[in-house]
Amino acid sequence: MKTDVPIRAQSLQEIISEVELLAKGKQGIWFRGHSDSSFELLPSVFRRSGPNQDGPYYDEVALLEEFVRRHPQAKHEHSNTLELLTYAQHYGLPTRLLDWTENLLVAIYFACIEFPDTDGEIFIRLSPKSPNNMFELTCGSYSEAIIKACIEEVYPSNIIEKIIKTIDNNDFLFNYFFINNIPIEKARDTWPIANKLGELNITFKTDDVVFPHAGSCFSYYPPLINKRLISQSGCFTVHAGKVSNDNILIPFTPLKPSQQCQLFSIIIPHDVKEKILYSLKNCGIDKSRLFPELEYQVQAIKDLCKYSTRKDQFHE
């Protein structure tokens, strides 16, 4: 199968067949669906505000502080930063989490449900916890502390200090972390000028690979703290990066399909979306199944119980 260009699929059966070819011999596959194929794989907190994404960035620190101020029990009910972000994202707060699912049919639904005149796209992330992912292996247990530093701190020097403290007792990691191409063990020397730096480029380098921390993401299987996560078989990538005073401090880049990253995509032409949604409904995948909250159940009841719908059913 060619993977250098997006695959195009015309039916639910064809999508499943293409995924089976890609996923042969793989385990733990993740999926994500976009109803508009021009959308990028980038978390909401790193997208500019406004309908055309031409407004200011969101202040991530202020978002969380205000969320907790208005809903203080959230911080007591969720044991760490990632859990709190998961909970806040459920209610629409912009975060550095990007939703994925372990259920292919769920991703296909989201790729088809909106924008009937625009092609959709499904992303397939193979083996997100693969032992070939050097960064996941070595840094997975440190990801929360590093991300927490990016969320909570405003000044570059404070971010550097927290990252250093996080890995301070691991000589192996000290050999591979760099800040603006300076080995992290020497990063303390940059503190006097750190607050004047335009950007902090944090990278993880070995002899064979380079992972820009700004473009890196960490696989996160959240505790199933709400019914929607369960219904949608939800999981996340957690993305690094930092915006401060509406300027990019630690760069971030969208994920891009590539063989090296084991990330692929399938385009769904807009003119087959309705047909695929019909096929999905016959498989038990629709809004009422994926959104268990009562308001969505009521909407499903309203859609089902219109007179025109009932007449169509009785006059087939």
**Item:** Area of residue 267 that stays accessible when all protein chains are in place (1.4 Å probe, Å², to 10)
**Value:** 20
**Message:** For a test of the definition: using alpha carbon positions, the gyration tensor, and the 1.5 limit on a/c, classify the stretch 27-81 as rounded, prolate or oblate.
**Reply:** oblate
**Complete:** Of 32, 289, 47, 70, ordered by accessible area with the largest first and a 1.4 Å probe, the sequence is 70, 289, 47, 32
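Going by accessible area, probe 1.4 Å, with all protein chains left in place, what is the ranking of 60, 114, largest first? Before the final figure, lay out the partial values.
On the way: 60 15, 114 100 Å².
Ranked from most to least accessible, the order is 114, 60.
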**Item:** Area accessible to solvent at residue 68, 1.4 Å probe radius, in Å²
**Value:** 30
**Complete:** Calc'd 3J(HN,Hα), the stretch 294-304, phi into Karplus 6.51 cos²θ - 1.76 cosθ + 1.60 (θ = phi - 60°), Hz, glycine/Pro = x, comes to 4, 4, 6, 5, 5, 4, 5, 5, 4, 5, 6
**Message:** Given axes a ≥ b ≥ c from the Cα gyration tensor, I'd like to know whether the stretch 39-135 is rounded (a/c under 1.5), prolate (a/b larger than b/c) or oblate.
**Reply:** oblate
**Message:** Apply the a/c threshold of 1.5 to the C-alpha gyration tensor of the stretch 222-268 and tell me whether it is rounded, prolate or oblate.
**Reply:** oblate
**Prompt:** To the nearest 10 square angstrom, what accessible area does residue 48 show with a 1.4 Å probe?
**Reply:** 80
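Assuming R0 = 35 Å, can you tell me the calculated FRET efficiency for the pair residue 274 and residue 247, based on Cβ-Cβ distance, to the nearest 0.05? Intermediate values should be presented prior to the final figure.
Working: r = 43 Å, r/R0 = 1.24.
FRET efficiency, residue 274 to residue 247: 0.20.
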**Asked** Roughly what would the spin-label model give for residue 13 and residue 302, points 7 Å off Cα along C-beta, in nm?
**Response** 3.7
**Request:** Determine, from the Cβ-Cβ distance of residue 230 and residue 175 and an R0 of 30 Å, the FRET efficiency 1/(1 + (r/R0)^6), rounded to the nearest 0.05.
**Result:** 0.15
**Request:** Give me the distance in nm between label points sitting 7 Å out from Cα along the Cα-to-Cβ direction at residue 42 and residue 69, one decimal.
**Result:** 2.8
**Prompt:** Cα centroid distance between the stretch 242-259 and the stretch 56-126, in Å?
**Reply:** 17
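The values are calculated or read from the model by the stated rules, or taken from the named source; none is laboratory data. All figures in this text were calculated on a predicted structure; none of them were measured in a lab. For neighbour counting, all protein chains shown are included, and Cβ atoms are generated from backbone atoms with ideal geometry for every residue, glycine included. Keep in mind that these areas ignore ligands, DNA and RNA; they rest on the heavy atoms of the full protein, side chains included. Shrake-Rupley method; radii C 1.70, N 1.55, O 1.52, S 1.80 Å.
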